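Undergrad: Structure provided below as structure tokens; questions to follow.
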Amino acid sequence: MGKNLKEAMKMLEDSQRRTEEENGKKLLSGDIPGPLQGSGQDMVSILQLVQNLMHGDEDEEPQSARIQNIGEQGHIALLGHSLGAYISTLNKEKLRKLTTRILSDTTLWLCRIFRYENGCAYFHEEEREGLAKICRLAIHSRYEDFVVDGFNVLYNKKPVIYLSAAARPGLGQYLCNQLGLPFPCLSRVPCNTMFGSQHQMDVALLEKLIKDDIERGKLPLLLVANAGTAAVGHTDKIGRLKELCEQYGIWLHVEGVNLATLALGYVSSSVLAATKCDSMTLTPGPWLGLPAVPAVTLYKHDDPALTLVAGLTSNKPADKLRALPLWLSLQYLGLDGIVERIKHACQLSQRLQESLKKVNHIKILVEDELSSPVVVFRFFQELPGSDPVCKAVPAPNMAPSAVGRERHSCDALNRWLGEQLKQLVPASGLTVMDLEAEGVCVRFSPLMTAAVLGTQGEDVDQLVACIQSRLPVLTCTLQLREEFKQEVTGTAGLLHVDDPNWPGIGVVRYEHANDDKNSLKLDPEGEKIHTGLLKKLNELESDLTFKMGPEYKSMKSCIYIGMARDDIDVSELVETIAVTAREIEENSRLLENMTEVVRKGIQEAQVQLQKANEERLLEEGVLRQIPVVGSVLNWFSPVQPSQKGRTFNLTAGSLESTEHTYVYKVQDTGVTPPQTPSGTRTKQRLPGQKPFKRSLRGSDALSETSSVSHIEDLEKMEHLSGGLEQEALEANSPEQHPGAPTPHEADQTGAFQNRAQGPEDDCPQMRKPGSRELRFAQPVNSHL
């Protein structure tokens with residue numbers, strides 16, 4: 001019995017264990033996503049999933065390219081990543097030899113191409129990573145006890161890293177985060193202000209900063225110079241900086257896009273001096289149009305132990321295999337292919353620079369950098385009789401507020417120009433940037449974009465043509481801005497809004513009766529008026545674009561008027577906005593009050609009619625209300641029937657009796673409705689002429705093929721309107737006797753008297769036009 005009991009308990013435990021395992025599998029399979037459930041997916045399904053994730057829904061963005069045009073050299077670079085994974089499966093000895101060969105060949109080729117003799121190479125994915133490793137190497141070289149004492153050595157003598165004010169943003173913060181240094185270890189060197197380029201490092205001021213740091217007990221460690229700044233492509237005086245670094249024992253590191261020109265036959269002296277620096281960072285990927293290719297930092301150092309500690313060298317084969325994509329791509333391109341791509345990019349920039357010099361109202365900011373492959377330009381205009389507008393340096397006699405307003409205004413126009421050019425010529429690879437001194441500019445850097453986008457000389461010519469086609473719009477808009485502001489300021493009910501980010505003619509807001517000017521909160525009534533105003537303006541089908549949005553630094557709605565593509569009549573535009581907004585406000589107010597007015601009128605009419613019924617009962621007596629007796633009494637002594645009712649004028653809001661209407665058969669409220677708001681003048685247009693356009697007569701805008709009949713029609717319309725105005729002036733002239741009518745009035749008076757001599761019953765029932773009335777007539781049964 002005991003044996004059977006043990007077997008039963010064992011069976012029960014096994015069953016319970018199987019149940020728990022099945023529940024655990026169900027719970028685990030429920031937490032794992034779908035593709036991992038079951039026995040796995042086949043390769044076709046996995047590749048299909050990757051394709052769907054890469055391309056997504058093609059219907060969403062049919063205009064955009066799914067993948068960039070990488071070419072054969074790009075496929076070679078991508079193949080290098082797959083080959084690296086296969087090569088990593090080799091045995092250790094073969095893998096060591098192969099990776100050493102790849103690393104040494106690539107390092108030698110790059111040093112020879114870019115004229116950096118006897119250098120070593122470090123390949124990295126992040127462009128700034130190489131500089132961080134160089135900083136570690138400089139710290140280990142200058143602080144011999146850093147490995148043992150660590151931070152204590154740095155605390156006793158703080159290192160200083162010098163960066164130019166024109167360096168790329170975030171570089172200093174990245175270095176401090178990677179090295180564990182406080183921000184006071186960074187020293188920002190200003191650029192030139194008096195002599196030389198405003199984007200070059202001030203060498204004299206740098207030397208003063210170095211001397212001050214030495215006196216304070218600090219250690220000048222490293223200097224980062226630019227061979228082509230990130231913004232405008234200027235090159236520092238690297239030769240002079242190298243002499244200064246050798247004097248004070250500072251490590252000199254150079255980076256920038258202009259380093260690519262070292263591969264060409266002719267190199268400027270400022271860039272050629274970079275070959276004598278201690279280290280430099282190259283980015284051959286965008287220069288040559290190679291995707292997924294690492295950046296390279298070339299450096300010179302004799303101690304392999306320190307480079308190993310700094311992380312610039314590694315014994316891991318996987319780190320050496322980073323150079324494999326570049327190793328394959330350089331062999332595919334060859335020296336001629338590399339030089340041809342860099343030379344082509346430089347020729348594109350020179351071609352654009354020479355073309356822009358012939359275009360008016362375009363200022364090139366790097367005219368002194370003839371060898372720079374970066375072109376930076378912006379729009380400016382010099383108005384007659386005033387200071388140049390949109391220039392980098394403001395006039396000394398201008399107020400700061402005026403300078404800031406013009407600066408923001410020109411920045412908005414240049415931002416609009418840059419966005420337009422990017423859409424019209426996408427192969428140009430333009431970028432819009434905001435410089436501290438010059439403002440918003442447009443940058444063309446073919447070394448970073450031409451190889452990837454396939455930019456050709458025809459694209460540069462198309463870019464220049466697009467710039468020339470947009471210049472009339474910019475100049476016209478800039479000229480009309482001040483006129484628009486003055487017109488809006490002088491128009492009652494309109495408020496001009498200064499929005500520095502809007503590139504159009506201007507921004508205007510209509511101030512309704514209940515508008516709280518001091519409040520910045522959302523105004524529902526104003527939003528409703530501006531919505532209707534926007535709809536009315538868009539229905540005019542003019543060349544202007546209108547948008548509605550929140551006011552600058554406020555939540556109130558306003559109307560944004562876009563760029564002017566022709567000579568616009570600003571006074572007509574402002575007048576139309578004011579009149580239309582006023583009409584919308586009055587109509588909206590009438591509709592809002594309509595329900596309450598009608599309700600009160602009906603209640604008052606009910607009370608008056610009830611009172612009239614009671615008075616009629618008292619006048620007629622009780623006997624006339626008895627059915628049989630009342631009929632006999634009315635037969636012997638009939639009562640004169642009188643129909644009394646009430647009429648309600650919606651325009652005047654008054655309740656009147658209808659007795660006058662039934663007696664004289666004429667309905668007259670006695671109240672003149674308010675006139676519909678209209679402009680002070682009505683402009684006559686030519687057939688087919690769009691709104692807000694100035695008259696073409698007397699201007700150069702009238703072409704030789706224009707129809708002469710259009711001008712004749714305009715003259716007839718102006719003559720007719722002038723005749724009507726002359727008659728109105730004569731009618732209201734105080735010199736004429738008040739009782740003496742004009743011949744025209746005499747004819748009208750005689751005709752009216754002839755019509756008025758007929759019988760009174762033949763007069764038709766008339767109602768004054770424009771009046772709005774509700775009539776409440778009194779029925780026979782004395783009910784409303």
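Undergrad: Just checking, which of R136, R115 is part of a loop (DSSP other than H, G, I, E, B) and within 44 Å of the chain's Cα centre (by Cα)?
TA: On the way: R136 fails: part of a loop (DSSP other than H, G, I, E, B).
Exactly one residue qualifies, and that residue is R115.
Undergrad: Next question, about the same structure. What are the residues in the range 270-329 that are more than 41 Å from the chain's Cα centre (by Cα), under 22 Å from G228 (Cβ atoms) and hydrophobic (A, V, I, L, M, F, W, C), if any?
TA: We begin by selecting, within the range 270-329, every residue more than 41 Å from the chain's Cα centre (by Cα); these are 273, 275-278, 299-321, 324, 327-328.
Restricting the remaining residues to those that are under 22 Å from G228 (Cβ atoms) gives 273, 275-278, 299-300.
Scanning the range 270-329 gives A273, C277.
Undergrad: Moving to a separate point now. In the range 432-439, is there at least one residue being among the β-branched types (V, I, T), open to solvent by less than 30 Å² (accessible area, probe 1.4 Å) and either more than 20 Å from the chain's Cα centre (by Cα) or farther than 30 Å from E72 by Cα (or both)?
TA: Residues of the range 432-439 that are among the β-branched types (V, I, T), as a first pass: 432.
With the extra rule that they be open to solvent by less than 30 Å² (accessible area, probe 1.4 Å), the set shrinks to none.
No, the range 432-439 has no match at all.
Undergrad: When you go through (1) in a helix (DSSP H, G or I); (2) under 30 Å from K276 (Cβ atoms) one by one for A121, which number turns out not to apply?
TA: (1)
Undergrad: Quick check, is T107 touching a strand residue (DSSP E or B) at 6+ places or on another chain (Cβ under 7 Å), within 18 Å of Q331 (Cβ to Cβ) and not acidic (D, E)? Walk me through how you get there before you give the answer.
TA: Details: touching a strand residue (DSSP E or B) at 6+ places or on another chain (Cβ under 7 Å): yes; within 18 Å of Q331 (Cβ to Cβ): yes; not acidic (D, E): yes.
In short, yes.
Undergrad: So which residues in the range 484-500 are surrounded by fewer than 17 Cβ atoms within 10 Å (Cβ to Cβ) and either acidic (D, E) or modelled with pLDDT of 95 or more (or both)?
TA: Residue satisfying the conditions is D498 alone.
Undergrad: Now a separate question. Considering only the range 232-252, I want to know if a residue exists there that is in contact with a strand residue (DSSP E or B) (Cβ under 9 Å, 6 or more places away or on another chain), outside the structural domain of L435 (by the TED database), of a type in the set (A, V, I, L, M, F, W, C) and over 20 Å from I134 (Cα atoms).
TA: yes
Undergrad: Out of everything in the range 244-261 that is among the polar types (S, T, N, Q) and under 19 Å from V376 (Cβ atoms), what residue ends up being surrounded by the fewest Cβ atoms within 10 Å (Cβ to Cβ)? Walk me through it before giving the result.
TA: Kept after step one, since they are among the polar types (S, T, N, Q), are these residues of the range 244-261: 247, 258, 261.
Still in the running and under 19 Å from V376 (Cβ atoms): 258, 261.
Numbers: N258: 27, T261: 25.
My answer is T261.
Undergrad: Which residues, taken from the range 607-632, are at pLDDT below 75, surrounded by fewer than 12 Cβ atoms within 10 Å (Cβ to Cβ) and of a type in the set (D, E)?
TA: Hit for the range 607-632 is E619, nothing else.
Undergrad: Out of L264, L241, L205, I need the residue that is open to solvent by 10 Å² or more (accessible area, probe 1.4 Å) and more than 22 Å from V339 (Cα to Cα). Which one? Steps first, answer last, please.
TA: Details: L264 fails: more than 22 Å from V339 (Cα to Cα); L241 fails: open to solvent by 10 Å² or more (accessible area, probe 1.4 Å).
On inspection, the qualifying residue turns out to be L205.
Undergrad: Look at A260 and say whether it is in a helix (DSSP H, G or I), within 42 Å of the chain's Cα centre (by Cα), closer than 15 Å to P446 by Cα and in contact (Cβ under 8 Å) with a residue 40 or more places away in the chain. Can you show your working first?
TA: On the way: in a helix (DSSP H, G or I): yes; within 42 Å of the chain's Cα centre (by Cα): yes; closer than 15 Å to P446 by Cα: yes; in contact (Cβ under 8 Å) with a residue 40 or more places away in the chain: yes.
Yes: the conditions hold for A260.
Undergrad: Next up: Please work out which one of (1) modelled with pLDDT of 95 or more; (2) in a helix (DSSP H, G or I) is the condition L333 fails and give its number.
TA: Just one mismatch for L333, condition (1).
Undergrad: Still on this model: Under 9 Å by Cβ, and 6 or more places apart or on different chains, what pairs join a residue from the range 295-316 that is on the phi < 0 side of the Ramachandran plot with one that is open to solvent by less than 50 Å² (accessible area, probe 1.4 Å) and basic (K, R)?
TA: Going by the 9 Å Cβ cut-off, the qualifying pairs are T297/K133; Y299/K133; T307/K133; A310/K133; L312/K133; S314/K320.
Undergrad: Write out, first by first residue and then by second, each pair whose Cβ atoms fall under 6 Å of each other, whose residues are 6+ apart or on separate chains, and whose first residue, in the range 118-134, is in contact (Cβ under 8 Å) with a residue 40 or more places away in the chain while the second is open to solvent by 50 Å² or more (accessible area, probe 1.4 Å).
TA: Sorted first by the residue in the range 118-134, then by its partner, the pairs are G119/K300; F123/R322; A132/Q178.
Undergrad: Could you check how many residues of the range 109-144 are open to solvent by 50 Å² or more (accessible area, probe 1.4 Å) and under 25 Å from D212 (Cα atoms)?
TA: Our first condition is that a residue be open to solvent by 50 Å² or more (accessible area, probe 1.4 Å); within the range 109-144, this holds for 109, 112, 115, 117-118, 120, 125-128, 136, 142, 144.
Imposing the further condition that a residue be under 25 Å from D212 (Cα atoms) reduces the set to 136, 142, 144.
Total satisfying the criteria: 3.
Undergrad: Another question, if that's okay. Exactly one of (1) closer than 30 Å to T449 by Cα; (2) assigned to a strand (DSSP E or B); (3) open to solvent by less than 10 Å² (accessible area, probe 1.4 Å) is unmet by R188. Its number?
TA: (3)
Undergrad: If you don't mind, another one. Give me the helices (runs of 4 or more DSSP H) completely within the range 1-99, filtered to those with at least 3 residues that are touching a helix residue (DSSP H, G or I) at 6+ places or on another chain (Cβ under 6 Å) and at pLDDT 75 or above, ordered by residue number. Even if it seems obvious, please write down each step before you answer.
TA: Values: elements: 2-31, 43-55, 71-87.
Result: 71-87.
Here is a yes/no grid of residues against (1) in contact with a Phe, Trp or Tyr (Cβ under 7 Å, 6 or more places away or on another chain); (2) crowded, with 18+ Cβ neighbours inside 10 Å:
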| site | (1), (2) |
| --- | --- |
| T449 | no, yes |
| W502 | yes, yes |
| V507 | yes, yes |
| N514 | no, no |
| K528 | no, no |
| T531 | no, no |
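Undergrad: Only one of (1) assigned to a helix (DSSP H, G or I); (2) buried (at least 19 other Cβ atoms within 10 Å of the Cβ) is not met by A225, so which one is it?
TA: The failed condition is (1).
Undergrad: Oh, and also: When you scan the range 152-166, how many residues do you find that are without any contact (Cβ under 8 Å) to a residue 24 or more places away in the chain and either under 27 Å from C191 (Cβ atoms) or open to solvent by 50 Å² or more (accessible area, probe 1.4 Å) (or both)? Working first, answer last.
TA: Residues of the range 152-166 that are without any contact (Cβ under 8 Å) to a residue 24 or more places away in the chain, as a first pass: 152-153, 155-156.
Next cut, either under 27 Å from C191 (Cβ atoms) or open to solvent by 50 Å² or more (accessible area, probe 1.4 Å) (or both) only: 152, 155-156.
The number of residues fulfilling the criteria is 3.
The values are calculated or read from the model by the stated rules, or taken from the named source; none is laboratory data. All values derive from a computational prediction rather than experimental measurement. Reconstructed Cβ throughout: ideal geometry from the backbone, glycine too, with neighbour counts over all protein chains shown. Protein only, heavy atoms only, side chains kept; ligands, DNA and RNA dropped before computing areas. Shrake-Rupley method; radii C 1.70, N 1.55, O 1.52, S 1.80 Å.
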